[in-house]
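Take a look at the structure below.
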Amino acid sequence: MDEGPVDTYPSSASEYEPPSTSPERRRTRSTALSDAKVGRETVTESDGDPERFADDVDESDDVTVKSYASGDSELSQDRPLYPRVGDPSDDEDGRQYDADHSEDHGAAVEQGDGASGAPTRPFRMHKFTLYETNARYWIAGADIRDTQFKLLRIDRTSPPGRLAVTEDEAVYDRQQMNDNLAAIDQGNKATGGLRLKYVFWGLLGFIRFTESYYMLLITKRQQVAIIGGHYVYQVEATDLVPLTTGSSSSFMRNRNAEEARFLGIFNNLDLSKSFYFSYSYNITRTLQQNIISQREALLEGKHPGAPDYNNVFVWNHHLLGPARRVLDHAYDWCIPIVHGFIDQAALDVFGRSIYITIIGRRSRFFAGARFLKRGINDLGYVANDVETEQIVSEMLTSSFHAPGPRLYSNPTWTSFVHHRGSIPLYWSQDNSGVTPKPDIDLNLQDPFYEPAALHFDHLFMRYGCPIYVLNLIKSRERTPRESKLLDAFKYCIDFLNQSLPDDKKIIYKAFDMSRASKTRGGDVIGNLETIADDIVARVGFFHNGDADLDEPHVQNGIARTNCIDCLDRTNAAQFVIGKQAFGRQLHALGVLGSSQVDYDTDAVNIFTHMFHDHGDTIAVQYGGSHLVNTMATYRKLNHWQSHSQNMVESFKRYYHNSFLDNQRQEAYNLFLGNYVWVAGQPMLWDLTTDYYLHHSDPRSWLKRERRDYYQWFTPEYLEPRQLPPAVHGRPEANGHELVDFDDYWLEFYRPTTLSSFLKLYTYRMNNTQRYLPDRPARDHKTFDFSPFKPRLEPHRQNSIDSPEKKPLRKGVTIVDPTDPPPNTPLEMQTPRPHIKFNDEPSSILRERMHRHPVPAAPATPDPADKAQMHLWSLNQFHTNSLNPSVTASETAEYSRYITHPLTLPLVTATTDIPSDTSLDYLSYLSRADDASDPEDFGVSDHDMREFEAFLAEREEVLTVLDEDGGKKRYKAYKQWLRGKSLFKQSKVDPEYLSGV
């Protein structure tokens with residue numbers, strides 16, 4: 001096929017130039033563009049040499065087109081995440097857990113701006129359009145204002161295993177882009193022209209199973225949060241497009257059986273749930289890390305380049321691998337996504353808008369289902385590793401910048417981060433049986449705890465020190481199960497603390513939360529509050545600002561919480577820790593005068609609701625069902641109502657763990673790149689275990705450098721984090737504009753774009769107004785609308801935990817009868833007698849002597865409101881019984897009762913009828929006097945004969961004769977004589993019907 005006309009561009013390169021381009025630059029770009037046209041035509045016919053076309057273009061020019069054919073020789077680069085046994089690819093470094101591998105930034109290299117070499121900011125594209133011809137796919141990317149465009153070409157005729165992508169470095173306006181598309185359409189008229197496939201919102205990368213490559217596209221999105229003026233979206237729908245000629249449907253029909261099975265496994269991972277991305281905000285890192293990195297770049301005079309993504313939480317890292325190899329600016333086209341949970345709500349404090357954001361990031365390392373991924377692997381990654389961040393900010397301004405301007409110094413932003421993860425030891429559970437709680441096996445005893453040392457060193461690198469370990473597993477059991485890990489984990493911490501400095505040691509705290517919740521009088525929340533206060537006091541939280549004007553501080557250290565599953569108990573403990581930090585964050589923002597926030601307030605209720613959703617989402621991702629024990633369980637609220645729901649969730653978790661987790665684990669291994677198909681190697685579904693997919697190849701252990709067993713930590717990671725000083729002055733003074741650093745204005749406010757309230761995310765955001773009652777109270781003028789006021793009024797049905805909780809059941813509260821009723825005024829309460837004891841010491845042989853003064857006569861209380869009787873306490877019933885009262889409605893009801901016409905006197909002293917007698921009563925009496933014939937009462941002759949026969953006496957009363965068999969009252973006895981049981985007779989039986 002002649003592919004020459006496919007790449008036809010307008011002949012004049014000058015019409016692609018922005019107005020600000022100089023003539024010299026325009027001539028240079030024109031020459032480079034003409035060379036690029038030749039290169040595009042020849043690169044497809046080449047042998048996949050990436051340097052062939054690059055040599056034809058001047059390196060100083062900013063219009064470079066890179067084409068890279070990833071052939072069979074490059075297949076080894078697309079290796080699994082962990083080298084597995086039998087993998088022919090060489091393991092360069094054994095995939096040892098260190099900063100170089102765990103923090104693979106994957107950022108694009110900053111490109112020079114022409115000959116000057118000045119760095120340019122990345123071109124952020126927010127909207128993409130996919131076009132197709134018979135030989136190629138064309139992707140047109142547009143910026144947020146839909147005024148500037150870039151073009152990407154993907155070859156569909158490449159042989160299996162080869163990916164050919166061409167990136168056009170030029171930035172076009174709308175007219176230029178239309179000219180390009182028209183030229184491409186004109187050049188392909190003979191084969192059908194250029195066809196619009198659809199509009200999508202992001203490219204997640206490329207993946208290959210056994211044949212051709214696929215590209216994964218985001219076709220539907222939804223806004224879930226806004227941070228610093230940058231929107232965060234949730235993936236709602238995706239589409240997997242094969243890079244082959246012909247229609248996608250025909251390729252799906254003609255693919256081989258192995259390819260079809262790989263596609264089925266890949267589709268088992270539902271990408272429309274709990275996957276998030278952002279075009280301009282780095283959600284893979286915490287707010288503190290983002291602010292510090294931007295401030296450091298400003299102090300060093302560096303222009304912000306591509307985002308520094310945290311590779312631990314980039315779940316499409318495997319799909320981005322081919323894009324990074326074939327594109328110079330992979331992150332201009334491809335979008336990293338995180339897996340976990342993101343939610344945001346607004347807190348209205350008398351006109352002050354406070355945004356609460358909770359972000360849960362799941363690690364892509366050692367990821368999997370509940371019973372299939374336990375403990376730690378030899379690379380230092382733990383199962384169910386989740387980083388939770390809560391951001392509390394006051395929306396006085398939308399961005400991270402303070403007036404002045406002071407870039408990234410807005411003092412209205414705070415955050416707190418904590419961590420959950422499985423116990424970092426070698427342990428597992430066999431769920432092949434039918435036991436809901438299998439036994440725990442400690443598989444391997446490492447005397448030096450090398451994997452745990454790698455894990456804690458990584459925590460030091462990410463969060464600093466101290467690390468506060470909160471272990472919530474059971475300490476006492478009849479049959480040791482969880483308690484096996486209690487002592488082993490304690491020994492691990494003690495060994496690692498031997499090498500750490502005294503002020504940098506790991507803090508370990510064990511608390512049997514399950515036993516405390518089941519013990520009568522056990523205060524689970526009170527104990528957790530004490531622990532949480534100690535944690536937040538030690539690690540602190542992040543508060544942005546300028547040291548000259550504000551009081552900024554950073555968080556040093558992390559609270560690492562775990563139970564056996566890191567689900568129910570861990571989520572409740574993290575909520576209590578987060579609540580303590582939440583109060584301190586509000587205090588730092590000047591919203592509260594103290595750092596304590598009461599339960600059952602609107603602020604804590606909405607925070608509880610968000611954290612409950614966070615725990616539910618993590619539980620579904622790891623365990624297959626929602627939380628079994630929630631905060632209501634540990635606060636002992638609605639405890640009796642939650643038993644049935646807990647049983648349902650426990651059964652769902654057992655069902656998923658027994659029957660569905662293997663399919664989910666295969667999908668994780670395929671999507672994350674833990675398994676990559678290699679010719680001659682076993683298929684994914686033929687593997688008896690995925691152990692070697694998540695552990696390093698033992699053959700590579702001799703090649704990598706062995707870490708010190710005692711000096712296992714990196715001293716640089718123990719240094720405290722510092723917030724760089726704020727940079728004053730306008731960026732225009734240095735030749736830059738604010739949009740070069742942060743284009744929040746264009747993304748949040750969308751100039752020249754028509755919008756409405758219903759489409760505005762901040763208008764639709766969840767807020768505390770949903771917790772306010774529709775009718776506050778009778779005295780609504782004195783109703784306290786503060787979100788920090790406890791709501792325990794009777795009309796608040798949803799005041800306990802969250803707005804989705806069912807209303808409390810009406811009940812009776814048992815109190816001391818001597819206590820006054822809660823609703824009784826103080827002046828009407830019965831005073832207690834004052835008792836004065838003697839000065840003699842008490843003794844078990846001598847009773848305490850005291851005088852009994854005569855109590856004052858109690859005042860008569862006001863009659864209680866019987867309309868609220870269903871809300872009375874036992875004390876109120878007692879008070880009303882001693883002081884009975886009759887209301888006006890009860891008096892009227894009794895008067896009506898005694899004047900009813902059917903109320904007849906038992907003894908009549910005279911035959912005279914009173915004049916005020918009811919007419920109905922007189923009609924009844926006249927009817928009784930005139931009714932001398934039974935027929936007047938409606939009684940037939942047949943019924944009278946039946947009644948007379950019934951009253952007739954017989955000589956043998958107890959004898960049943962044959963003639964009695966036809967009577968209705970003997971039908972059951974007749975059937976019993978025939979052998980029919982009395983308890984098994986039915987009206988549809990033939991014997992019953994014949995006897996009727």
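Tabulated data
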item	result
Extension gain (nm, one decimal) between D146 and Q681, 0.36 nm per residue minus Cα-Cα	187.9 nm
Using a Förster distance of 22 Å, the FRET efficiency for A949-A972 (Cβ separation, nearest 0.05)	0.60
Stokes-Einstein D in µm²/s, Kirkwood radius over Cα pairs - segment 292-370 at 4 °C with 1.567 mPa s viscosity	81 µm²/s
Extreme residue, positive dipole direction of segment 201-718, given options S517, Q681, H458 (C-beta unit charges)	Q681
More than 23 Å apart - percent of Cα-Cα pairs taken over segment 438-558	46 percent
Portion, in percent, of the accessible area of segment 485-544 that falls on carbon or sulfur, probe 1.4 Å	46 percent
Distance (nanometres) between label positions extended 7 Å along Cα→Cβ at D964 and Y749	10.2 nm
Computed accessible area, W201, all protein chains, 1.4 angstrom probe, square angstrom	60 Å²
Lys, Arg +1 and Asp, Glu -1 on Cβ, resulting dipole of segment 201-718 about Cα centre, debye, nearest 20	880 debye
Estimated FRET transfer efficiency (A135, N766; beta-carbon r; R0 51 Å; 0.05)	0.55
Stokes-Einstein diffusion coefficient of segment 147-287, Kirkwood radius over Cα pairs, 4 °C, 1.567 mPa s, in µm²/s	73 µm²/s
Gain upon complete extension [D598, E529; 0.36 nm per residue less C-alpha separation]	23.7 nm
Under 15 Å, Cα to Cα: Lys pairs in segment 118-277, sequence gap 8 or more or different chains	5
Potential lengthening between E296 and Q868 on full extension [0.36 nm per residue; Cα-Cα distance subtracted]	199.5 nm
Per-pair calculated FRET efficiency, R0 = 25 Å: E450 and K703 via Cβ, rounded to 0.05	0.90
Å³ per residue enclosed by the Cα convex hull of segment 201-718	178 Å³
Listed pairs K504/K579; K484/K509; K302/K759 exceeding 28 Å between Cα atoms	K302/K759
Estimated inter-spin distance, L882 and E956, nm [label 7 Å along Cα→Cβ]	7.1 nm
Surrounding net charge for Y709, when Lys and Arg each add one and Asp and Glu each subtract one, Cβ distance under 14 Å	-3
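The values are calculated or read from the model by the stated rules, or taken from the named source; none is laboratory data. What you see is a predicted model, and the numbers here were worked out from it, not measured in a lab. Reconstructed Cβ throughout: ideal geometry from the backbone, glycine too, with neighbour counts over all protein chains shown. Only protein heavy atoms, including side chains, enter the accessible area calculation; ligands, DNA and RNA are left aside. Shrake-Rupley method; radii C 1.70, N 1.55, O 1.52, S 1.80 Å.
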